[in-house]
Amino acid sequence: MSDSGEQQPVRVGIVGCGYWGPNLARNFASLGGVELAGVCDPSAERLEHMRKRFPAVPRFESLAEMLEGAEVDVVAVATPVRTHHAIALEAMKAGKHVLIEKPMAASSEECEDLIAAAEQAGVILMAGHTFLYSEPVRKIVEIIRSGEIGEIRYINCQRLNLGLFSQDINVAWDLAPHDLSIILHVLGESPQLVNCQGQSFICPGIEDVTNMSLSFRNQRFATIQSSWLEPRKVRQITFVGTRKMIIYNDLEPLEKIRIHDVRVDVPPHYDSFDEFHYSYHYGDCHIPRLEQIEPLKKMCAHFVECVRTGEEPLTDGRKGLELVRILEAASESLESAGGPVPFSPGEALDGLIEAAPSVNHPNALKL
């Protein structure tokens, strides 16, 4: 803290300036009390692109150069998944707080290694599960917690588009993390079984179409359809409750959530099939008002606040690990032609979480 009472800025370094890195840079740069202190990428073309967008920000070809040539407090990693572990480990060993884009690492072993390294270094480790910071998901959690739609029966997710094709991970590892993070957050528990089927049509050995099924306690389940081979972009999740249903369409500019007062009631008693009649209820459709805030900006602001206060992030390393463990189970199922893979949760999830508990990170930037 300066003598004038002003808080010192949190200095951010971005690793990876391809597709997602510039978005992280833009959002960090827009936050008060934050300084974009450096960007790095091995591509001269990408660094030139960043020079045009952020001419005053130092540019480097590697993390090692940035750590030596710029003063940074935190490192945001937006590189291919196979590189996450090495880059994050290097940053944390240098005493830097780390934000890693999804999925957190290429294996559960790498995730566990990063969690241990963060604890040893006394720094914040956060997984970039962006959608948990979006206003639609926040509102959906609020609605479900209120009991308005009753008990959740199942969740159906569709995340489809044409490309972009990855060379190191399949479409489930690329697209499904968004839906998995939402499902785990809403249900507040890990699945008991994981099934996944898919096909590789474009790149041999890398599935570009997958269907994942997650079975939970109390007969609840969720399905996730992911594809790089669809003629139209789809980002939709349906939450089916015992009383009402919610449709979340992230591509809608304003009316992203619709609450449908519809349900099917089964008669409690009947003696014969002739006496069996479903009862269909059709009510109104309600569209909640949502605050228009970019989820990525909110996520970056949350990360900065955790760095300042020492609070554990909502999407901490443990959440990143659990998600990667489910992706590994899905990969195992793919190898067995979609057979069910039993899943034992790691550290138990604590239900619907609005705020993470405080911890005392020795390297937190105190106000």
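The values are calculated or read from the model by the stated rules, or taken from the named source; none is laboratory data. The shown structure was predicted, so the numbers you read here are calculated from the model rather than taken from an experiment. All Cβ positions, even for glycine, are placed from backbone atoms using ideal geometry, and neighbour counts span all protein chains on display. Surface accessibility is based on the protein's heavy atoms, side chains included, excluding ligands, DNA and RNA. Shrake-Rupley method; radii C 1.70, N 1.55, O 1.52, S 1.80 Å.
When you look at LEU114, is it among the hydrophobic types (A, V, I, L, M, F, W, C), assigned to a strand (DSSP E or B) and within 27 Å of GLY18 (Cβ to Cβ), yes or no? The answer is no for LEU114.
Looking only at the stretch 84-104, decide whether some residue is touching a Ser or Thr at 6+ places or on another chain (Cβ under 7 Å) and either among the aromatic types (Phe, Trp, Tyr) or in a helix (DSSP H, G or I) (or both).
Checked the stretch 84-104: at least one residue is touching a Ser or Thr at 6+ places or on another chain (Cβ under 7 Å) and either among the aromatic types (Phe, Trp, Tyr) or in a helix (DSSP H, G or I) (or both).
For the stretch 127-142, filtering for residues that are in a helix (DSSP H, G or I) and touching a Ser or Thr at 6+ places or on another chain (Cβ under 7 Å) leaves 2. Of the strands (runs of 3 or more DSSP E) that lie entirely inside the stretch 224-340, those containing 1 or more residues that are charged (D, E, K, R) span 229-241, 257-265, 279-286. Cβ-Cβ distances below 8 Å connect the following pairs, each with a first residue in the stretch 292-311 that is farther than 13 Å from VAL74 by Cβ, a second residue that is among the acidic types (Asp, Glu), and a separation of six or more residues or different chains: GLN292/GLU135; ILE293/GLU135; PRO295/GLU135; GLU311/GLU305. If you take the residues of the stretch 41-58 that are charged (D, E, K, R), open to solvent by 40 Å² or more (accessible area, probe 1.4 Å) and in contact (Cβ under 8 Å) with a residue 24 or more places away in the chain, which of them is farthest from GLY21 (Cα to Cα)? This residue is ARG53. Of the residues making up the stretch 208-223, those that are within 20 Å of LEU187 (Cβ to Cβ) and either outside any strand (DSSP E or B) or open to solvent by 30 Å² or more (accessible area, probe 1.4 Å) (or both) are ASN211, SER213, SER215, PHE216, ARG217, ASN218, GLN219, ARG220, PHE221, THR223.
Residues that are in a strand (DSSP E or B) and not basic (Lys, Arg) were ranked within the stretch 59-78; the one that is most open to solvent (accessible area, probe 1.4 Å) is PHE60. If you go through the stretch 143-180 and pick out every residue that is within 22 Å of ILE287 (Cβ to Cβ) and part of a loop (DSSP other than H, G, I, E, B), you end up with 4. Here GLU35 does not qualify as on the phi < 0 side of the Ramachandran plot, touching a residue at least 12 places away in the same chain (Cβ under 8 Å), open to solvent by 20 Å² or more (accessible area, probe 1.4 Å) and assigned to a helix (DSSP H, G or I). Residues in the stretch 9-27 that are under 19 Å from the mean Cα position of the chain (by Cα) and within 18 Å of ALA91 (Cα to Cα): ILE14, VAL15, GLY16, GLY21, LEU24, ALA25. State whether the residues of the stretch 191-207 include one that is without any contact (Cβ under 8 Å) to a residue 12 or more places away in the chain, assigned to a strand (DSSP E or B) and either open to solvent by 50 Å² or more (accessible area, probe 1.4 Å) or not aromatic (Phe, Trp, Tyr) (or both). The answer is yes; a qualifying residue exists.
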